[in-house]
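The values are calculated or read from the model by the stated rules, or taken from the named source; none is laboratory data. Please read all numbers here as calculations on a predicted model, not as lab measurements. Reconstructed Cβ throughout: ideal geometry from the backbone, glycine too, with neighbour counts over all protein chains shown. Accessible surface areas use protein heavy atoms only, side chains included; no ligands, DNA or RNA. Shrake-Rupley method; radii C 1.70, N 1.55, O 1.52, S 1.80 Å.
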Amino acid sequence: MADVPHYRLSHLQMLEAEAIHIMREVAAEFERPALMFSGGKDSIVMVRLAEKAFRPAKFPFPLLHVDTGHNFPEAIEFRDQLVEKLGERLIVAHVEDAIKEGIAVEDPGKYPSRNRAQIPTLLNAVEKNRFNALFGGARRDEEKARAKERIFSFRDDFGQWDPKNQRPELWNLYNARHKPGEHIRVFPLSNWTEMDVWQYIALEKIDIPNLYYSHTRRVVTRMGELMPVDDTTFGPRDGEEVKEMVVRFRTVGDMSCTAATQSPASTLEDIVSEVAAARASERGARMDDKTAEAAMEDRKKEGYF
Amino acid sequence: MSTAAIEQDFSSDAYLNMDLLRLLTCGSVDDGKSTLIGRLLYDSKSIFEDQLEAAEQASLSRGDERVNLALLTDGLRAEREQGITIDVAYRYFATPKRKFIIADCPGHVQYTRNMVTGASTANLALILIDARHGVIEQTRRHSFITSLLRIPHLVVCVNKMDLVDYDEAVYDKIRADFEEFAARFEITDVSFIPMSALNGDNVVNRSEHMPWYQGSSLLNHLENVHIAGDRNLIDARFPVQWVVRPQSDEHHDFRAYGGTVASGVLSVGDEVVAQPSGLSSKIKSIHLGETELEKAHPPMSVAIQLEHDIDVSRGDMLSRPGNQPTASQDIEAMIVWMHDEPMVAGKKYTIKHTANTARAMIKDLKYRIDIESLSRVEDATQLGLNEIGRVSLRSTKPLFADPYRQCRATGSFIIIDEASNITVGAGLILDGR
Ligand SMILES: Nc1nc2c(ncn2[C@@H]2O[C@H](COP(=O)(O)OP(=O)(O)O)[C@@H](O)[C@H]2O)c(=O)[nH]1
């Protein structure tokens, strides 16, 4: 992105500049930030932006991953390779451990989702490491409840977000004042759309896990969605018929709740065209969001991203 | 532009090089703001089927006759229940030419603060007027804030034309009324568009119902309005935000100043002076990640290395020896108050200006602006929530500032309450300190 003809910036260059500004601001104003690294494309883009903000120095924060134990093995492998290449510090908080320690509770039922158990696991890691600012890759276009969230989003001692009591955010002046015990979530990609993220990945030639590209995979049809299955915990359930299909993932979350889409898109260009023509939102592929219309809002208040 | 064309063009590389336009919508409750935004998102195919389905279901369960496009944009549950928009929400849509960020601001009297928030980053404002009601008090207020915040472009959307039989005379009257009172404001570029957000007339496509209107549709206007000239490329200003200093042998001598160009153009070889030290040096290199650049301009975030090791840190300002911002502890500003607890003269606050934080005392409230009559109230003693006034402040250390009209980024600051840490006010620096 070196060309600047006529002092014009493309939308991607503007978004990039905004995100770099936000990251530097947090680094300057908070003693102990961390970058929430999920292994998904949004957090990978954040890492790229952190390189632009801080290289050739090291990042002034570690990466933090909440490992639900339900992740795709490919995502974990990718994470470890990236961290090694970056030479940055990674802290992993395991939901499994949090459940053992009684900090988190496994959802009841035969096929528990670990979405809820992630929250106390994360908050515990925040407390233990005394993090006071967490970068998250969430975007405002993802969901209606997010459309009103600030870039600097304050959380109380319990990690809760109060949508009614947000600080006004003007110009590019971010109010970072906080009390002990309070922490903030910071969303440098707030103003990006899914399309912007993909375009940026293409433009910057950023590596992403193969899960995003079309591949052959064993899937079952569950509640109208194509769900991935494997030989471990996430095998087919009673009566489900396993098929091999050419699929990819638009979003990479837990294996237990991330649906695949049938797609031949095997290059970034293919993906960009597919996203342009897509008729279902990316979150539509997350089963956990469908439970209630206000599902996201509820989880956010509790301390989910 | 037809939606089919939008879909097609997206797959081309043109998308990599779109402009970004930030706009703000303002109107009173029920002027049709949500419907208009829903229409723009819908007709530009920025709404996905699952989102549309959710809105359809919600419309059905509310007993609406048709899909309520407004439901596409109503964010939080409390708002859905009350059926009103109560906080700034951001929406995104794109055409092959431009990406748009809409700051959707509620129009109630008590929410000046939201509008100012949305306006602070906007290139353009849409002001909605209900064709049946014409120019009302709220329209004046919104126009005033638009001009105060110096949004360069204004589009007056005369909505609900279907309810006045698409009558040209109604539109002409509203336009004349608006022009008459807007003459008092400094608004450089105003356009008027008659429309029906509900039916889609003149929103994305030109309306067949108003052959008398020769102008472009709203979307067409938004795609083509000239925004390149809005930036200040003359006064070089670089507030230092972060010092990039690798602690490694490989980059032992690397020391760069990270920041966002506030205005002007900075080039390698330029002589620069740092405030507050007054020491000067030359730009040795400009970095964006691993790329080295020849020049940087607003709003790029870059890292600048200087030829000499002069001591520069966060909060300092780099500019050109012959053109520096004023360094002063005395600041004259317009303040928009954003908190229930009023601003009082004599009280100390923290202010944040560029990357600089200082304590400041409100010395004097010169006058308050009565937002109804737009006249000055000279004997005001305090500024309440959503009130605007002219204030003199004194800060504990000099700020390196320009008048807001010259440079938004070095002419603005926020006021923070020291006890609660809440942002309680916004300041716009005036000339003639
Ligand atoms: N007839 C007509 N009704 C409209 C138009 N635009 C909006 N409305 C209706 O006006 C009401 C208020 O619209 P809404 O978008 O919720 O207004 P907001 O409060 O400004 O967001 C709704 O019942 C809309 O259907 C229009 O162009 N023509």
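Only one residue in B:A58, B:A54 is more than 16 Å from the ligand (Cβ to nearest atom) and either modelled with pLDDT under 80 or out of contact with any Ser or Thr (no Cβ under 8 Å at 6 or more places or on another chain) (or both), so which one is that?
Residue meeting the stated conditions: B:A54.
Restricting attention to the range B:332-345, does a residue exist that is of a type in the set (D, E), over 24 Å from the mean Cα position of the chain (by Cα) and crowded, with 18+ Cβ neighbours inside 10 Å?
Filtering the range B:332-345 for residues of a type in the set (D, E) gives B:332, B:340-341.
Subset that is over 24 Å from the mean Cα position of the chain (by Cα): B:341.
In the following step, the residues that additionally are crowded, with 18+ Cβ neighbours inside 10 Å were identified as none.
Looking for residues that are of a type in the set (D, E), over 24 Å from the mean Cα position of the chain (by Cα) and crowded, with 18+ Cβ neighbours inside 10 Å, one finds none in the range B:332-345, hence no.
Residue-wise test of (1) under 27 Å from A:H183 (Cα atoms); (2) part of a strand (DSSP E or B); (3) away from chain B (no Cβ under 14 Å).
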site	(1), (2), (3)
A:Q13	no, no, no
A:V26	yes, no, no
A:A34	yes, yes, yes
A:K52	yes, no, no
A:F78	no, no, yes
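Considering the range B:377-416 alone, what residues qualify as being out of contact with any Lys or Arg (no Cβ under 9 Å at 6 or more places or on another chain) and facing another protein chain (nearest Cβ under 10 Å)?
B:S412
Would you pick out the residues in the range A:197-217 that are at positive phi and crowded, with 18+ Cβ neighbours inside 10 Å?
Correct list: empty.
Name the residue, out of A:E88, A:E106, A:E101, that is over 27 Å from A:R237 (Cα atoms), modelled with pLDDT under 90 and of a type in the set (D, E, K, R). Show your work before the answer.
Numbers: A:E88 fails: modelled with pLDDT under 90; A:E106 fails: over 27 Å from A:R237 (Cα atoms).
Residue meeting the stated conditions: A:E101.
If a residue counts only when it is within 16 Å of the ligand (Cβ to nearest atom), which strands (runs of 3 or more DSSP E) contained entirely in the range B:168-258 have at least 2 such residues?
Hits in the range B:168-258: B:189-194.
When you scan the range B:158-173, how many residues do you find that are touching a Phe, Trp or Tyr at 6+ places or on another chain (Cβ under 8 Å) and open to solvent by less than 20 Å² (accessible area, probe 1.4 Å)?
3
For A:A19, indicate whether it is surrounded by 22 or more Cβ atoms within 10 Å (Cβ to Cβ), assigned to a helix (DSSP H, G or I) and not acidic (D, E). Give the derivation first.
Details: surrounded by 22 or more Cβ atoms within 10 Å (Cβ to Cβ): yes; assigned to a helix (DSSP H, G or I): yes; not acidic (D, E): yes.
Yes: the conditions hold for A:A19.
Can you list the strands (runs of 3 or more DSSP E) lying wholly within the range B:353-424 that have 1 or more residues being without any contact (Cβ under 8 Å) to a residue 40 or more places away in the chain and at negative phi?
By residue number, B:356-370, B:375-377.
For residues that are more than 8 Å from chain A (Cβ to nearest Cβ) and touching a residue at least 60 places away in the same chain (Cβ under 8 Å), tally how many sit in the range B:246-263.
Total satisfying the criteria: 3.
Do you know which residues across the range A:84-100 are open to solvent by less than 20 Å² (accessible area, probe 1.4 Å) and either touching a residue at least 60 places away in the same chain (Cβ under 8 Å) or under 18 Å from the mean Cα position of the chain (by Cα) (or both)?
Across the range A:84-100, the qualifying residues are A:A93, A:V95.
Within the range B:389-405, which residues are surrounded by fewer than 22 Cβ atoms within 10 Å (Cβ to Cβ), under 19 Å from the mean Cα position of the chain (by Cα) and either within 14 Å of B:I335 (Cβ to Cβ) or modelled with pLDDT of 95 or more (or both)?
Of everything in the range B:389-405, just one residue is surrounded by fewer than 22 Cβ atoms within 10 Å (Cβ to Cβ), under 19 Å from the mean Cα position of the chain (by Cα) and either within 14 Å of B:I335 (Cβ to Cβ) or modelled with pLDDT of 95 or more (or both), namely B:P403.
For the range B:304-316, enumerate the residues that are without any contact (Cβ under 8 Å) to a residue 60 or more places away in the chain and either surrounded by 20 or more Cβ atoms within 10 Å (Cβ to Cβ) or in contact with a strand residue (DSSP E or B) (Cβ under 7 Å, 6 or more places away or on another chain) (or both).
B:Q305, B:L306, B:E307, B:H308, B:I310
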